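The values are calculated or read from the model by the stated rules, or taken from the named source; none is laboratory data. All figures in this text were calculated on a predicted structure; none of them were measured in a lab. Neighbour counts are summed over all protein chains in view; Cβ atoms, including those assigned to glycine, are modelled from backbone coordinates with ideal geometry.
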Amino acid sequence: METKYQQINNNVEVLDENPNQDIATDAILTEQGGSEELNDNDVVIVGMAGKFAGCDNLDDFWQTIMQGKSVLRTTKRWPERSEENWIGGFIEDYANFDANFFKISPYEARCMDPQQRLLLHTVQHAIDDSYLALEDLRQLKCGVFTTSLPGDYKFLLTGNPEMAFSPHSFLGNASSTLSGRISYFYDFKGPSLTLDTACSSSLIAINEACLNIQAGNCNAAIVGAVAVFSTPELFQFAQRANMSSRQGKCAAFGEEADGFTPGEGSASLVLMRYAEAKSRGLRIYGGIAAIGINHDGKSNGLMAPNATSQAMLIRNIYQRSAINIEKIACVETHGTGTHLGDPIEMRGLTQAFKEFKQDYDCFLGAIKPVIGHTLVCSGLAGIIKVLLSFLHETIAPFPAISEPNRMIDFGKFRMNAQPLPWPAEKPYYAVSAFGFTGANGHVVLKKYPSYHCTDLQHQHSDKEMAFCLSAQNTNSLSVNIQQLMHTLESIAPDELYSLSQLLLRRPRYDIHCVVTAENKTVLMEKLNELTIKINDGKEISSQQTTTLSEEMHMLASLWLTGDIANLNSMLKPVGLINPALHLTGYGFDGLRYWLEETLDPTEKLRQKNDSVKSKDLILAQLKQSISNLLEFPIDSIKGESLIENLGLDSLSALTILAPYQKGKSTIKAHDLFSYYTLNELAEALIDIHASGTSSSSSSPLIAPSPISQSSVGSNLPSLKWLSYGHGRQTVILAPPLNTSMEAWTQQIPALIKSGRRVFVPQYPGHRNSPFLEEKFSWENLAGEIAEFIRSELQSGSVDLVGWSFGGCISSLVSIRYPELIRSLVLISMAPSFCENVFGNTIGLHDELRDKQDILEVIFGSDNIINSLSADAPMNILRHYYEALTSFNIEDDLKNITTQTLLVRGKNDCVVDDASFTRLTKIPHSKSIYYEEHGHYIPLTASRSFNEKLIEFLDSVQNHV
């Protein structure tokens, strides 16, 4: 790299060190970086991801930074305009999106601003890079703090009014959806904010994340920023305002600087407290030593930068956090390449440093000359550059300029033309970002010690190891394999064990397998063989792991069976693995979703009015309707397609069911979600057209199969049973008192999907069933369930899930007949009840009303209480309440020997905390508490509850 100057104004010294100087990190188990005291409350970065022009991942990004060459170019994105006018940093696959991964229909994906789509990809990659399980992030009340450009994709939508005014377009182009969609998809309950302060947005988003973590509003946070240009609108504006570079470059701090050049980017970080990261053994890329924001106030103009305000911000931050400027190695500048803005920024920086009256020797950095000005994303782009500098122990070269700006006094700041080894005595690297409306942000990042252990590199040397591969489909699996092979090319042979450990921490998706190998050569060969298998459409299967060492066999087995809790307890902490060993994120199966591509019109459905239709015809109509509405290829929609996976919402349901709402039919939109597959919906629609009534009142889930009671003992109370699904494992769901099977409306499909058969008992006197007082007792109810398991199911043992009253019966069955019960789940249940148990249940109505908005999605707008009721008359319920007041298994809890999951909501008005706590006397039990829920957790927290329920049942089954 040629250097055309050595000294300007007696201040700027350009260093041209030997480019071949060794700058490798020391692979030792010692502290690297500064000796500054580490504070447990500091916020640190444990995961990161980014995509920029010419850089699909962070490995590419670092290589581009080190080369210091611009990736700015012209684009053919807008062929109707002269492409030579539009030079910028463009992302190649800006329109690609893996809609299936995020459970979004093709139609909705086309309605979405590409910024929302791209940031979803990047956030997933940042989570992958943190090696944190989603459940861990949920438990940490993960917050989401995002920013994007004011979207211009909506201008394209105006050319298609039907799409432009659809709910999907409204949601898909609202800025608030950016953070909300991330929180929704991952089920994060922490703060969720979308911010806009122009070019300082992403630094201010980090500031908000830190404040919320320190205030306890969340214990982890995801920060994301994205900038994508759907139209040349911004380029036109910048050109007309003489803000953009006519040369199509960004000569930050250079004499030739004539404006900025826009660039695209998407970036994300995962943050948490140092104490939290340390306790989890996570990899720490760096910490936030100081951060702050301010505004220019009234200056020369709203868009004019203010050196005094920028200096004040830096000075205040450093004073507040006791930052020693002598220990700042480098400052990553805003550096937009404007002839006026660069001198103002430099004046603010030198002014702030001079006020400390300390000697300093600091380098300057600038990323915009390489990838362009990514606007709202520029702060995160700079921060990720800094974190990569920490990782590689290197100060990257300043992008070449012909001559520094003659208007600038650089003080003691310098530019290095070649990469330099990181100065061990300087742990700090600062980053600035300034918005064009006066919002300023500045952060000081701290280089944290690296504790990676070189001993890991020698473990399992020349022994077979397990390498886990997984994806949601074979296309993504192929991408993951290619990415892994690329990684293998650059890692040392003795790092295979570390690679195996990292892959074991990646999520296990629907398609998964284990490849075994003892060295790089064998692993590459087997990955090639697997790729050929996938391309030939052959079945993917795992290799035998019995030949592995005991430890490696156990790890592979736990991963294959999805026993994540036990797996994580056996894995080495990520922080002990060489941080230079970096895996790329999930290989998305991206398809192009763009409005300019109009799909071939399909013939619209012509529905017959009141005639009874055959199942095949109705199924064909449903498939065509869903294809028309959501743009799924019709061949991909099957009769066995799960309704929950089609990306439907209540508005889509209105359109799909509209043809069947004519005549006497009373079917409602929410009834669509009462069925498991399209086949079951089609069958139900035949009945609805025949009878003219909705089936939701009698079968809100899937059509149950009644079980004959003839074989059950005549001396027992005579329960009625409903059966769902045909899986190998059997689950009995015992509902609360006077509650119909609709109480389990969210669990039954999930359990069936997990490969289980479900049975639900209907208690005597419920739904007009007979009630014989002389046969009614706890022992008889438990005995009848036991007899049903023996005589009707003949399955050896079952998983028994009891809720409230159903929990009482279930616990008694487990005590009296332990050989029949494989596992036990008790929800909102106590080992005994007070005499006022009936009075306490009155409060349940209030809970249902408070959760009306959630429950209406499940049951529609009808009276929720009536929807759940099993219509037991009070003269029969009196016997049940009397039985509850006499129920007491306190002394028998120790006799429950099966694995037990206990579930309670903190706001339960029937079961108090003390009563529930007594259940923990059950020997093999674990408890789950829901802070913001009460008695109706399976309904009001169904998504989280279902995941925990199936995870528990799977773990029990895996140990049987």
*Would you kindly identify the helices (runs of 4 or more DSSP H) lying entirely within segment 153-231 that contain at least 3 residues that are in contact (Cβ under 8 Å) with a residue 12 or more places away in the chain?*
153-157, 167-172, 177-186, 201-215
*So which of 469, 391, 380 is touching a Pro at 6+ places or on another chain (Cβ under 9 Å), in contact (Cβ under 8 Å) with a residue 24 or more places away in the chain and closer than 25 Å to residue 578 by Cα?*
391
*Residue check, residue 744 over 22 Å from residue 778 (Cα atoms) and at pLDDT 85 or above*: yes
*Somewhere in segment 269-278, is a residue part of a strand (DSSP E or B) and modelled with pLDDT under 95?*
no
*Where residues in segment 932-946 are part of a helix (DSSP H, G or I) and touching a Lys or Arg at 6+ places or on another chain (Cβ under 9 Å), which of them is nearest to residue 907 (Cα to Cα)?*
937
*Which fully enclosed strands (runs of 3 or more DSSP E) of segment 428-517 have 3 or more residues being assigned by TED's automatic domain parsing to the domain that holds residue 100, modelled with pLDDT of 90 or more and under 30 Å from residue 309 (Cβ atoms)?*
428-434, 439-446
*asked:* When the residues of segment 929-954 are narrowed to those that are within 28 Å of residue 796 (Cα to Cα) and surrounded by fewer than 20 Cβ atoms within 10 Å (Cβ to Cβ), which ends up nearest to the chain's Cα centre (by Cα)?
replied: 947
*Could you tell me which residue of segment 907-928 is surrounded by the fewest Cβ atoms within 10 Å (Cβ to Cβ), considering only residues that are of a type in the set (D, E, K, R) and at pLDDT 90 or above?*
926
_Looking at segment 332-349, can you tell me whether even one residue there is assigned to a strand (DSSP E or B) and not aliphatic (A, V, I, L, M)?_
yes
*Which one of these is polar (S, T, N, Q), at pLDDT 80 or above and surrounded by 12 or more Cβ atoms within 10 Å (Cβ to Cβ): 621, 607?*
621
*Just for segment 310-331: of the residues that are in a loop (DSSP other than H, G, I, E, B) and either touching a Pro at 6+ places or on another chain (Cβ under 9 Å) or in contact (Cβ under 8 Å) with a residue 12 or more places away in the chain (or both), which one is surrounded by the fewest Cβ atoms within 10 Å (Cβ to Cβ)?*
321
*Search result, residues across segment 232-252 that are within 30 Å of residue 79 (Cβ to Cβ) and assigned to a loop (DSSP other than H, G, I, E, B)*: 232, 241, 242, 243, 245, 246, 247, 248, 249, 250, 251
*Identify all residues within segment 211-233 that are out of contact with any helix residue (DSSP H, G or I) (no Cβ under 8 Å at 6 or more places or on another chain) and buried (at least 20 other Cβ atoms within 10 Å of the Cβ); write none if there are none.*
212, 213
*helices (runs of 4 or more DSSP H) contained entirely in segment 730-840, each with at least 3 residues that are crowded, with 19+ Cβ neighbours inside 10 Å and within 32 Å of the chain's Cα centre (by Cα)*: 747-753
*Would you pick out the residues in segment 902-927 that are of a type outside the set (Asp, Glu) and either assigned to a helix (DSSP H, G or I) or touching a Lys or Arg at 6+ places or on another chain (Cβ under 6 Å) (or both)?*
914, 915, 916, 917, 918, 919, 920, 921
_Index of the failed condition, residue 536 passing every other in (1) farther than 15 Å from residue 463 by Cα; (2) touching a helix residue (DSSP H, G or I) at 6+ places or on another chain (Cβ under 9 Å)_ = (2)
_Test result for residue 887, surrounded by 14 or more Cβ atoms within 10 Å (Cβ to Cβ), modelled with pLDDT of 90 or more and not acidic (Asp, Glu)_ = yes
_I need every pair where a residue in segment 742-763 that is among the basic types (Lys, Arg) has its Cβ under 6 Å from the Cβ of a residue that is at pLDDT 90 or above and crowded, with 23+ Cβ neighbours inside 10 Å, sequence separation at least 6 or different chains._
756/731
*Could you grab me the full set of residues in segment 533-583 that are under 29 Å from the mean Cα position of the chain (by Cα), in a loop (DSSP other than H, G, I, E, B) and more than 21 Å from residue 517 (Cα to Cα)?*
562, 563, 573, 579, 580
*So, of the residues in segment 49-76 that are among the β-branched types (Val, Ile, Thr) and more than 17 Å from residue 267 (Cα to Cα), which turns out to be surrounded by the fewest Cβ atoms within 10 Å (Cβ to Cβ)?*
74
*Restricting attention to segment 350-398, which residues are polar (S, T, N, Q) and either over 18 Å from residue 49 (Cβ atoms) or part of a helix (DSSP H, G or I) (or both)?*
350, 351, 358, 378, 389, 394
